[in-house]
Structures are given as structure tokens and as C-alpha cells.
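One structure below.
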Amino acid sequence: MRKLRMGMVGGGKDAFIGAIHRIAANMDGLIELCCGALSIHPEMAKESGKILFLPEDRTYLSYEEMIKKESQMPEDKRIDFITIVTPNFAHFAPAMMALDHGFNVVIEKPMTVSLEQAKELKKKVEETGLQLCLTHTYSGYPMVKQARAMIQNGELGKTRKIVVEYMQGWLSKLSEREGNAGAAWRTDPSKSGKAGCMGDIGTHAAHLAEYVSGLKITQLCANLNIVVPGRMLDDDGNVLLKFENEVNGVLVASQIAAGEENNLTLRIYGEKGSIEWAQMEPNTLLVRWLDQPAQILRAGNNYPNILSKAALDNCRTPGGHPEGYLEAFANIYKNFAHTLLAKLEGETPTKEMLDFPKVDEGVRGMAFIENVVASGKSNEKWTEFVV
């Protein structure tokens, strides 16, 4: 009985997402950060290690050094998993090396920069029997899990239509040429991959739609746009979708919607009713019925007779105490950690423990990017969704 030991690749002192991962991993007291290769710049790596109180001998200057040296440490000291929080182009190599040396992996999305790499990573996960967790944060919200449970239980009847929108405005200007480091790599094909907006937030929208509905995308028809002059990758797009069971859908993603902050919204319509969830009001789930008044469901562990077990398992406080992005992120880490701890004890993880995005979702995310880009370039109305 002990905490899991984590190493981090990327996420130095000025990195937004690295700090988010550390907060989320620490929230339930199941994980401790023990080492890191926090920057490709040696002085930044050393300084970041000091700020995080890492020992000098476990503050590494490259992920290769970290993985090799950690794998040689005694079992009671070496790390259990590695979290990778680098830009997209630097996901694949450290993930493969970590798995090769016996370490489980947590990785930012999209998982890789190509579908080919994603498939190779999946093969490695299957060969090693290790766990890979992909941080699709929004699937960690309790009311997202409530919506999913209601659909799984057939409460809304047969699903008929899915509408998902992810609207941001932070790239309304050519910020990548104004010193914004996050914008610079996300709009650079050599670092981000084939897609910009669709790779960065469109993948979140697609994953959320599939996760909640339980249906996979089978066909799509995409229109991708570069709205801001001088930008190299799409910053806006619209996608018509076809899901399993002849369900139609629409996905809209934009990073040039001036004034929008992080407006991710999902609506799913069934025969008997519909659900609506919005990331900027995450503790609320709207349920609209065909033949009765609408309901407002709220997150909170004091609603055991109303919310599903899946939702309650991921609520931390009574209703009225807001739980947001950090808690949703922490739910993914919590479930991943319980899975690893169960395996360390020689036990089989429960269904609830295994409720976090895995390598298969990473492959589908890369397939979404490649299919959307291909459809955007094609004159055909519909493109088969190829995985």
C-alpha cells in the first residue's frame, strides 16, 4: 500500500498544461511526482526541478536519460508511470520508449501526429500489457457520466441526432507571430500535425460525442477553413457526421469565434427526450422530455437516489460546491491510479476504475483528424471513416 510514483516529460515552470496535470494527479493523494525531464533547455529543466522540489539526481535533461536511469532503479524507488505533456510531435517517441522499459503512460491528446504512429503505439500497449491513459479531460465530469448512463440505460429512447460544438476565440488574431508560444506550436504543421483547430479541440468534441452516445462515427463530410490570413493550419471547421445505428450528427469547432472562451456544448436527442451539457456550466445537465416538463439535474454526492453510480463515483462534494476542470482532470487520474494499484495488488480492476480514455480512443482521435483533413480536401460529399 503506497502512492504511485510518477515521472513527467515536459511541463516545466512556464508550461500551463504541466501544472494542470500535477494538480490533478495530486488531488486524491494517490500519486507523487518523483522525477522529471521538464524541458529541452537544460537550465530550464534544472530550475523547474528545483521549483518542484525534485532531487537533483532525478531532474533529468532528456526523457531518454530519465527512462533509462529510472528503469535501472530498485523496485521500491523507480517510477510506476510517465506523464507526457509535450507538444504533439514529441508524444510518440517518449511513449514508445517508456512502454519498452516497463512504464505505464499518461499522455496528452491528440496521442500522436499520425494515425500510423497511433496504431504502432496501440500495438506496443497490447504487446506489453501496460496501461496508456489519454487525457480527454471532459469525459471526467460527473454530469457527462450521468448523460452517458442515461443513454446507456435507454432513458431517452433510441438516439436520433447528436450536435457537438467547441467554440473558442483565442486565435482570432495571428497570435503565433506575437509571442504566444501555445499558438505557435499549435499552428505549425511540423509540431501539431495535419490539423490545427480540428486536432486541438475538434478531437475533444468528437471524443465527447462518441463517449456519451456510445456510438462510433462511420462517415463524415468536412469543411475546414483558414480564416486568419497567414495561418498555416485550419482555425475553423464544420463537419457533418454519420454514426452507427443510422444516427446523424453535426460537429462545429472554431478558434476564431471572437469573445468565446471555452464553449464546449453537447446535445443528444432521442425518441423520448434529450440531454444538453455545457463545459462552462459543468455541474448542470439539462434533460428535456417529449411529454413532460424539462429537468435540471445537478452534480453532487448528496443525490444518491437521482444520479447514476458513474456520476456519483466521480462527484467529490455535495451539490452547490462547484467542481470544474481540475476535478474532471483529477477523475481521470484517479481512475487510472486505482487501475494501476489494483494491478499491483494482483487484483482485477473494476469497471469504474477502467473508466478513463485509453489507447483505442487515441487511435480514433488520430483517425478523426486524418479523415476530416482528407474530407476537407475532397469533392466527395461523404468520406468513409477509416481507422
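Could you list, in sequence order, all residues of segment 265-301 that are aromatic (F, W, Y) and more than 17 Å from E165 (Cβ to Cβ)?
W289
A98 is checked against (1) touching a strand residue (DSSP E or B) at 6+ places or on another chain (Cβ under 9 Å); (2) of a type outside the set (D, E); (3) outside any helix (DSSP H, G or I) and fails just one. What number does that condition carry?
(3)
Of the conditions (1) surrounded by 23 or more Cβ atoms within 10 Å (Cβ to Cβ); (2) modelled with pLDDT under 95; (3) among the polar types (S, T, N, Q), N331 clears all except one; give me its number.
Result: N331 passes all but (2).
Condition first: among the β-branched types (V, I, T), surrounded by fewer than 21 Cβ atoms within 10 Å (Cβ to Cβ) and touching a strand residue (DSSP E or B) at 6+ places or on another chain (Cβ under 8 Å). Now tell me which residues in segment 227-246 satisfy that.
V227
Quick check: anything in segment 313-334 of a type in the set (D, E, K, R), under 25 Å from R267 (Cα atoms) and in a helix (DSSP H, G or I)?
yes
Just checking, how many residues over segment 159-191 are closer than 23 Å to V113 by Cβ, touching an Asp or Glu at 6+ places or on another chain (Cβ under 7 Å) and assigned to a loop (DSSP other than H, G, I, E, B)?
3
Considering only segment 273-327, state which residues are surrounded by 14 or more Cβ atoms within 10 Å (Cβ to Cβ) and among the basic types (K, R).
Residues satisfying the conditions are R288, R298, R316.
If the Cβ limit is 7 Å and pairs must be 6+ apart or interchain, which residue in segment 179-194 that is in contact (Cβ under 8 Å) with a residue 24 or more places away in the chain and within 14 Å of D235 (Cβ to Cβ) pairs with which residue that is in a loop (DSSP other than H, G, I, E, B) and aliphatic (A, V, I, L, M)?
T187/M232; T187/L233; D188/M232; P189/M232; P189/L233; S192/L233
In this structure, is A93 more than 23 Å from N180 (Cα to Cα), in a helix (DSSP H, G or I), touching a residue at least 40 places away in the same chain (Cβ under 8 Å) and not polar (S, T, N, Q)?
It is false that A93 is more than 23 Å from N180 (Cα to Cα), in a helix (DSSP H, G or I), touching a residue at least 40 places away in the same chain (Cβ under 8 Å) and not polar (S, T, N, Q).
Residue by residue through segment 2-55, note down the ones that are aromatic (F, W, Y) and either in a helix (DSSP H, G or I) or within 21 Å of the chain's Cα centre (by Cα) (or both).
F16
The values are calculated or read from the model by the stated rules, or taken from the named source; none is laboratory data. Bear in mind the structure is a predicted one, so any value in this text is a computation, not a measurement. As a convention, Cβ positions derive from the backbone with ideal geometry for all residues, glycine included, and neighbour counts pool all protein chains shown.
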